[in-house]
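A short worksheet on the structure shown next.
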Amino acid sequence: MGHQKSPETLAKFLDYVLGRRPDEFGLVPDPDGYVKIKDLLKAVGEEEGWRHVRRAGIDEVLISIPDPPVEVDDNRIRAADRRHLPVRKAAETFPKFLYTCVRKKAHPVVVDRGVSPLGEREHVVLTTEPELAERLGRRIDSAPLLLTVHVQEAVDLGVLFQQVGESIYLAPHLPVGSFTAPPLAQDKKEEPKSKKKEKPKAKPQDRTPGSFFLDADDLDPEQKKRKQQRLKKKDVVRDKERKQSRRQKNKLWPE
């Protein structure tokens, strides 16, 4: 089988995982001792030397070994001998901190409403070590968000913890105020696109270097009035001069 373990070796390993220390691998059996096969394969696949294990390997154990140490029911699996399986019980002693992970995209909801069980689970799964919590978190998200649970604050808020083995605790819900989370990332506000500034209309002085022109729009009403009066006088004088010029021509060259 090359690097793969024999069915007998895999059977012993599964018996330990499912029948003795599922909590060590972040697994929580249901009241009948079952875990989902897909959850088992994820957990086993994280172990050095067991990453090759697939459903076919489990089926080979069931077929090739008399009295196999595991039982399969559709998509669930459990240990045949469950005498040493940790019993789920109300927690009597607590560590100061517990740890759990949530999906990164759930960050704002968690900060606002607290932590609820994921998917079909009935409890939030917590661990005594942050490394194990992150290991469980990576099974649901490539970059999970680690939360630190302040156990006494949670108890004061009415949270009832259950313990499963040495490493796993369960809680029906974690209310706001019972845990700390990384700060929410500040969303960068989009800066409004600046409107293109209209180019000012070129004034005569812009087109003719060295010259100065007075724009009538720059004058106040009185100045405009005086300018119009001057222009009118010029027109009158011009007309007068033209008439005189024509009279002189007529005298010099009578028809």
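The values are calculated or read from the model by the stated rules, or taken from the named source; none is laboratory data. These numbers were taken from a predicted model, which means no experiment stands behind them. All Cβ positions, even for glycine, are placed from backbone atoms using ideal geometry, and neighbour counts span all protein chains on display.
The table that follows gives values for the structure above.
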| item | result |
| --- | --- |
| Among (1) in contact with a helix residue (DSSP H, G or I) (Cβ under 7 Å, 6 or more places away or on another chain); (2) on the phi < 0 side of the Ramachandran plot; (3) not basic (Lys, Arg) - the single one Val87 does not satisfy | (1) |
| Residue within segment 70-79 that is at pLDDT 95 or above, part of a loop (DSSP other than H, G, I, E, B) and surrounded by 14 or more Cβ atoms within 10 Å (Cβ to Cβ) present | no |
| Pairs, first more than 22 Å from Pro86 (Cβ to Cβ) in segment 150-163, second crowded, with 17+ Cβ neighbours inside 10 Å and of a type in the set (Phe, Trp, Tyr), C-beta under 9 Å, six or more apart | His150/Phe179; Glu153/Phe179 |
| Single match in Asp15, Asp23 (criterion: crowded, with 19+ Cβ neighbours inside 10 Å, among the acidic types (Asp, Glu), assigned to a helix (DSSP H, G or I) and touching a residue at least 60 places away in the same chain (Cβ under 8 Å)) | Asp23 |
| Conditions (1) assigned to a loop (DSSP other than H, G, I, E, B); (2) of a type in the set (Lys, Arg); (3) under 27 Å from Ala143 (Cα atoms): number failed by Arg82 | (3) |
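Every residue, every condition in (1) under 35 Å from the mean Cα position of the chain (by Cα); (2) farther than 15 Å from Glu24 by Cα, yes or no:
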residue	(1), (2)
Pro66	no, yes
His84	no, no
Glu92	no, yes
Arg103	yes, yes
Ala106	yes, yes
His123	yes, yes
Glu131	yes, no
